[in-house]
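Where a number appears in this text, it was derived from the coordinates with a stated rule and is not lab data. Treat the numbers as computed from the prediction; the structure is a model and nothing was measured. Cβ coordinates were reconstructed from backbone atoms using ideal geometry, including for glycine residues, and neighbour counts include every protein chain displayed.
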Amino acid sequence: EAQVTQNPRYLITVTGKKLTVTCSQNMNHEYMSWYRQDPGLGLRQIYYSMNVEVTDKGDVPEGYKVSRKEKRNFPLILESPSPNQTSLYFCASSSPGDYTEAFFGQGTRLTVV
Amino acid sequence: AQTVTQSQPEMSVQEAETVTLSCTYDTSESDYYLFWYKQPPSRQMILVIRQEAYKQQNATENRFSVNFQKAAKSFSLKISDSQLGDAAMYFCAYKGGSGGSNYKLTFGKGTLLTVNP
């Protein structure tokens, strides 16, 4: 089954404790992105990757890091989480092509206390 | 930068009736793509329908159709014969045809649709 898998789905952590949210896709997609969803703000792109070892900032990159060492994986790293990073996070992947849809993971609900 | 505006934070519809969700966008690009995504309580993002800007014909997927007005930069979603399972948050999204805007979706803030039995 074609899918994007994120882990964990729920996470509660404390301020300053480094964490990683994993994302893996099995569709051999070149493009991958991270979004955060906040009430009243919709989804906003954090980082994206066009291919292995190629990443760039999205609209809200501050406080986040990413890496793309393998085509299928695109982890999101919060090195020093703060309460304003409490949010719902989505990983998405797609293949090149203007008309292609993005496939989303199940979401990760992160709470930073 | 592109922006997407959904002016209706919440909408409600009676089961079996028709509802239209509004979306407007702002862009200077001539080539772009528009999408509607549905997010039920499960949080999963599900593609409902998509439209290429260069196509004049409005996209249709079963009970879902769009009214795409390129000059007005409007992209509304019509749901016919509404069902209880249509209750969800709906997001309008834009993707540019080239450059950096091709690598991301720009989303509106969403419209929460309630379907009343």
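Here is how the numbers come out for the structure above:
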{"read-out": "Other protein chain Cβ atoms within 10 Å, averaged over every residue that makes up B:104-117", "value": "4"}
{"read-out": "Rounded to the nearest 20 debye, dipole of chain B from Cβ charges on Lys, Arg, Asp, Glu", "value": "280 debye"}
{"read-out": "Centre separation in Å (Cα based) which lies between the stretch B:47-99 and the stretch A:1-38", "value": "27 Å"}
{"read-out": "Gyration tensor (Cα) of chain A, equivalent ellipsoid semi-axes in angstrom", "value": "23, 14, 13"}
{"read-out": "Among A:49, A:24, A:95, residue whose mean-square fluctuation peaks in a GNM of chain A (springs only between Cα atoms under 10 Å)", "value": "A:95"}
{"read-out": "Lys, Arg +1 and Asp, Glu -1 on Cβ, resulting dipole of the stretch A:36-92 about Cα centre, debye, nearest 20", "value": "200 debye"}
{"read-out": "Potential lengthening between residue A:86 and residue A:27 on full extension [0.36 nm per residue; Cα-Cα distance subtracted]", "value": "18.3 nm"}
{"read-out": "Relative intensity, log₁₀ I(q)/I(0), of the stretch B:13-80 from a Debye sum that treats every alpha carbon as a point, q = 0.14, 0.27 Å⁻¹", "value": "-0.45, -1.29"}
{"read-out": "Residues B:11, B:45 arranged by fewest to most Cβ contacts within 10 Å", "value": "B:11, B:45"}
{"read-out": "Residue-averaged beta-carbon neighbours from other chains (10 angstrom radius) around A:36-46", "value": "5"}
{"read-out": "Highest average packing first - B:17-27, A:4-14, Cβ atoms within 10 Å", "value": "B:17-27, A:4-14"}
{"read-out": "Virtual spin-label span in nm between residue A:69 and residue A:56, 7 Å along Cα→Cβ", "value": "2.5 nm"}
{"read-out": "Order of B:95, A:57 under a 10 Å beta carbon neighbour criterion, fewest first", "value": "A:57, B:95"}
{"read-out": "Order of B:28, B:42 - criterion: other Cβ atoms within 10 Å of each residue's Cβ, fewest first", "value": "B:28, B:42"}
{"read-out": "Student exercise, the protein assembly as shown dipole from Lys, Arg, Asp, Glu Cβ charges, in Debye to nearest 20", "value": "560 debye"}
{"read-out": "Percentage relative contact order, chain A, counting C-alpha pairs under 8 Å, at least six apart", "value": "36 percent"}
{"read-out": "Chain B: translational diffusion in µm²/s, Stokes-Einstein, Kirkwood Rh over Cα pairs, 20 °C, 1.002 mPa s", "value": "150 µm²/s"}
{"read-out": "Rh by Kirkwood over Cα pairs, then Stokes-Einstein D for the protein assembly as shown at 1.002 mPa s and 20 °C, µm²/s", "value": "118 µm²/s"}
{"read-out": "Equivalent ellipsoid dimensions for the stretch A:1-63 as semi-axes, Å, which come from the Cα gyration tensor, largest first", "value": "21, 16, 13"}
